[in-house]
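Some notes on the structure that comes next.
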Amino acid sequence: MHILTLVLALGALLASGGAGAQGAEVVVYSARHYGQEAAFDAFTRKTGIAVKIFTGNTGELFERLKAEAERTPADVLLTVDAGNLWNAARAGLLSRVDSPALEANVPAHLRDPEHRWFGLTVRARTMVYNTRKVQPAELSTYEALGDPRWKGRLCLRTSSYIYNQSLLATMIKRHGEARTESIVRGWVANQPSLINGDTKILESIAAGQCDVGLVNHYYLARVVAKNPGFPAAIFWANQHATGTHVNVSGAGVTAHARHRAEAIKFLEFLSSPEAQQLFADLSFEFPANPQATVNPLVASWGRFRQDDINVASAGEFQAAAIRLADRVGYK
Ligand SMILES: [Fe+2]
């Protein structure tokens with residue numbers, strides 16, 4: 001082949017941007033553990049762009065991206081919790097993406113104001129209660145869990161895990177540090193059982209070791225899907241106040257992506273109603289795109305109002321949340 005022809009052919013391949021392009025691919029570092037393959041396969045079927053996945057926990061992938069720097073094969077970082085996405089953006093691992101499709105598909109409070117990451121699924125961190133021991137009318141707000149009536153009856157996740165750090169960080173953004181501190185002091189005064197795992201919290205509630213806990217909603221959905229008689233139910237916190245705390249799993253295009261156009265196309269697809277259905281449904285999360293349908297089991301728990309504070313606050317106030325937990329003796 002003449003050298004010019006080769007250059008033209010290569011140019012045509014690149015210009016095709018992926019649709020049906022031979023050998024086009026997007027490389028994903030993913031810290032999500034469930035329910036992503038179906039949506040990835042649908043993307044490949046639709047665009048001809050192959051998806052290569054490397055999985056690991058967030059810390060590992062973060063370190064790997066940092067160490068690989070501009071040599072990284074990764075085009076997309078996909079992970080859970082806005083606090084993690086915020087940390088990745090701050091470390092310079094993600095790049096800004098200006099995409100009208102992503103901005104239309106993902107509500108503003110579920111994505112980075114600087115466009116470096118986008119929420120794809122939504123998880124509510126809210127109360128779960130033992131249905132034999134608690135009436136829903138006894139529950140209201142996160143703050144009210146500091147009422148003495150809950151003394152010795154709460155299960156909380158340890159403060160070292162990012163889910164509760166993000167909850168506290170968002171509360172700091174919402175209420176200020178002083179009021180958040182008094183809320184968390186109330187919880188601590190009730191001598192909660194501190195448990196390292198959302199599923200373990202649910203097991204403790206079912207076993208009667210505690211009556212109320214704070215967990216991500218999809219953990220309850222997974223348990224109930226297998227065991228409809230599980231003696232615990234969800235309560236949407238703060239419905240008459242600020243709305244239930246939500247967080248996201250989401251993704252961004254890496255700073256040194258080699259397949260940037262494909263990566264953007266991939267994120268746009270994942271935020272479309274079609275992919276959101278697959279992506280959120282299989283993990284019992286809520287789709288970020290309000291046009292997608294919620295999984296029927298989760299939908300049966302009723303509609304609720306989300307706290308619409310930008311989830312980026314989970315990152316902005318993460319350090320303050322950790323200091324606050326330390327100060328009040330929340331281990
Ligand atoms: Fe989780």
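The values are calculated or read from the model by the stated rules, or taken from the named source; none is laboratory data. Quantities reported herein were computed from a predicted structural model and do not represent experimental measurements. FYI the Cβ positions are ideal-geometry reconstructions off the backbone, even for glycines, and counts take in every protein chain you see. Protein only, heavy atoms only, side chains kept; ligands, DNA and RNA dropped before computing areas. Shrake-Rupley method; radii C 1.70, N 1.55, O 1.52, S 1.80 Å.
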Rounded to the nearest 500, what is the 222 nm mean residue ellipticity of the chain from helices alone, with -39500 (n - 2.57) per DSSP H run of 4+ residues and division by all residues? -12000 deg cm²/dmol
Accessible area in the full protein assembly, largest first, 1.4 Å probe, for 245, 33: 33, 245
P(r) histogram, all alpha-carbon pairs of region 42-143 included - 5 Å bins from 0, percent: 2, 9, 16, 17, 16, 14, 8, 6, 6, 4, 1, 0
How do 123, 153 rank by accessible surface area computed with a 1.4 Å probe, from largest to smallest? 153, 123
Give me, ordered by chain and number, the residues 5 or more places off residue 50 or on other chains with an amide H under 5 Å from its own placed amide H. 24, 25, 26
Over the chain, give the accessible area per residue in Å² for a 1.4 Å probe, as an integer. 43 Å²
Toy charge model, Lys and Arg Cβ at +1, Asp and Glu Cβ at -1: the chain dipole around Cα centroid in debye, rounded to 20, equals 720 debye
Tally up the carbon and sulfur contribution to the accessible surface of region 38-182 as a whole percent, 1.4 Å probe, everything protein left in place. 49 percent
For the chain, with equal point scatterers placed on the C-alpha atoms only and solvent neglected, what are the log10 I(q)/I(0) values from the Debye formula at q = 0.10, 0.11, 0.12, 0.15 1/Å, to two decimals? -0.59, -0.71, -0.82, -1.21
